[in-house]
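Below is one structure, written out as structure tokens, with a few remarks after it.
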Amino acid sequence: QEQLVESGGGLVQAGGSLRLSCASSGGISGNYAMGWFRQAPGKEREFVAGFIWKTDVTTYADSVKGRFTISRDTAKNTVYLQMNSLKPEDTAVYYCAARRTLSAATMASNYGYWGQGTQVTVSS
């Protein structure tokens, strides 16, 4: 059974860094595209970054370009989201998602597998 488990959230001051991890199991790897999304209170879930296992292609939302980096550890079946220069507006629950395709997608509805989410809070 496909499963995603996020970790690494927490409280950080503005300008600080956090690294989120998304450990996958149940076959989620080579033929999947991964995505990081976030949802702040009262707002819709929004795309943050995407990654395709097989091609290493990455995509980022404009709001995080240059600050966030997505990477992977193939041996651990884990995808990371390194978040630098954090801002209070980055505060949200961050979710890892997967879709069984080799094409990237920025809409949450295109992903069929989701983790439980991890809270990121950036104080000013």
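The values are calculated or read from the model by the stated rules, or taken from the named source; none is laboratory data. Being a predicted model, the structure only gives us computed values, none of them experimental. Here Cβ is always computed from backbone atoms with ideal geometry, including for glycine, and neighbour counts include all displayed protein chains. Note: accessible area is taken over every heavy atom of the protein model, side chains too, but ligands, DNA and RNA are not part of it. Shrake-Rupley method; radii C 1.70, N 1.55, O 1.52, S 1.80 Å.
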Any hit, segment 27-39, residues being basic (K, R) and at pLDDT below 95: no
Meets criteria (small (G, A, S) and in contact with a strand residue (DSSP E or B) (Cβ under 6 Å, 6 or more places away or on another chain)) for G30: no
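Look at V48 and say whether it is within 20 Å of R100 (Cα to Cα) and of a type outside the set (K, R).
yes
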The conditions are (1) farther than 20 Å from Q3 by Cα; (2) free of Cβ contacts under 8 Å to residues at least 60 places away in the same chain; (3) out of contact with any Ser or Thr (no Cβ under 7 Å at 6 or more places or on another chain), and S71 fails exactly one of them. Which is it? (1)
For the subset of segment 113-124 comprising residues that are part of a strand (DSSP E or B) and among the polar types (S, T, N, Q), which member is least open to solvent (accessible area, probe 1.4 Å)? T118
